1. Within the range 191-232, count every residue that is free of Cβ contacts under 8 Å to residues at least 24 places away in the same chain and outside any helix (DSSP H, G or I).
2. Can you name the number of the only condition in (1) surrounded by 15 or more Cβ atoms within 10 Å (Cβ to Cβ); (2) closer than 30 Å to Asp97 by Cβ that Gly235 fails?
3. Counting just the residues of the range 57-99 that are among the hydrophobic types (A, V, I, L, M, F, W, C) and assigned to a loop (DSSP other than H, G, I, E, B), which one comes out farthest from Gly19 (Cα to Cα)?
4. Taking Ala63, is it closer than 24 Å to Leu42 by Cβ, in contact with a helix residue (DSSP H, G or I) (Cβ under 6 Å, 6 or more places away or on another chain) and at pLDDT below 95?
5. Condition check: part of a helix (DSSP H, G or I) and either aromatic (Phe, Trp, Tyr) or under 20 Å from the mean Cα position of the chain (by Cα) (or both). Does Leu253 satisfy that?
6. Which numbered condition in (1) modelled with pLDDT under 90; (2) in contact with a helix residue (DSSP H, G or I) (Cβ under 8 Å, 6 or more places away or on another chain) is the only one that Trp271 fails?
7. I need a count of the residues in the range 114-138 that are of a type in the set (D, E, K, R) and within 20 Å of the chain's Cα centre (by Cα).
8. Has the range 100-113 got any residue that is in a helix (DSSP H, G or I), more than 18 Å from the chain's Cα centre (by Cα) and farther than 21 Å from Thr181 by Cα?
Amino acid sequence: MSNINKVEASAGAAWLVGGFTLLRQAPLGLGTLGLIWGLLSLLVIQAMAVQPTVGLLLQLALAICGPLLFAGMVYAVHEVDQGRQAVPAHLLQALQDQRAPRVLATLLPQIAAVLGLGILLLVMIGPSQLQQVLEVSQELQRTAQAGGQPDPDLVRSLPVGRMFLWFLLLLAALLAVSLFTFVAVPAIMLGGRGGLEALRDSFRACVRNLGAMAVFYVLLLIALLALSFAVQLVGVTVQLLAGPTAGMWVANLLLMSVLMPVLAGSVYHAWQQMLGGTAPSSSAPAHTHLEA
């Protein structure tokens, strides 16, 4: 069983700073990997607009491949941290190292959460009222598109209390899934752990360091808002010059080219500190106490 390090709450900030530092070391190499991921996502969205059935299948395939792509990003930031280059082939590193089944095991908490929340939705709201919710949502959307005012009676007819309770359960499930998967990928790709072992180690590490996790998520949200605002400004500029489609593509690709490397670098530093994968880099110092 892996030792779990106890880190200070401020380590959460160091993880995020470490992610940006690694991107700054190799902006072209790591940015290209994020760009490729963003391009795949946009192509799937375009496919859904042209052929919804095919697009839905492609979206499912991309969701399944998501952990594999992220594993490649984590391997790439590790290479950059070791003074080597990040190359597009790193996105397929999990397949090259024959660790794809282990990486795909990180989907298990997400699958369990989706199934559990789906069952709870049916039990708490019921099939008939769920159909009513969908119909009201469509009606409100049509009213908004027409520029009209929504009918208050439509909202009053919905089971708002049970919907709000289910939404709280959704947030709790998302939090639980994030604890299981936060450092699971680097534990598999760089630490050689099995899929289930990595999920268990990630959960134990995150639970022991909830303070650092909270700091990281708060700062990540702030950084994401700032980054989104910046790329939207670029997107609006491109939109004025080349049209709305070009603006949307540029904004989304730019966001992915920054966000995904930063996330991978942050998780990489978190794995180093909480699970002691390697000595923490100078950009993200840790103060740890080992647990036997």
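The values are calculated or read from the model by the stated rules, or taken from the named source; none is laboratory data. Since this is a predicted model, take the numbers as computed values, not measurements. So basically every Cβ, Gly included, is an ideal-geometry build from the backbone, and we count neighbours across all protein chains shown.
1. Adding up the residues that qualify gives 1.
2. Every condition holds for Gly235 apart from (2).
3. Of all residues in the range 57-99, those among the hydrophobic types (A, V, I, L, M, F, W, C) come to 57-58, 60-65, 68-71, 73-74, 76-77, 80, 86-87, 89, 91-92, 94-95.
Restricting the remaining residues to those that are assigned to a loop (DSSP other than H, G, I, E, B) gives 86-87.
Values: Ala86: 14, Val87: 17 Å.
Ranking the candidates gives Val87 first.
4. Numbers: closer than 24 Å to Leu42 by Cβ: yes; in contact with a helix residue (DSSP H, G or I) (Cβ under 6 Å, 6 or more places away or on another chain): no; at pLDDT below 95: yes.
Answer is no for this residue.
5. Values: part of a helix (DSSP H, G or I): yes; either aromatic (Phe, Trp, Tyr) or under 20 Å from the mean Cα position of the chain (by Cα) (or both): yes.
Yes; evaluated as a whole, the condition is true for this residue.
6. (1)
7. Of all residues in the range 114-138, those of a type in the set (D, E, K, R) come to 135.
With within 20 Å of the chain's Cα centre (by Cα) added as a condition, the list becomes none.
Selection size over the range 114-138: 0.
8. no
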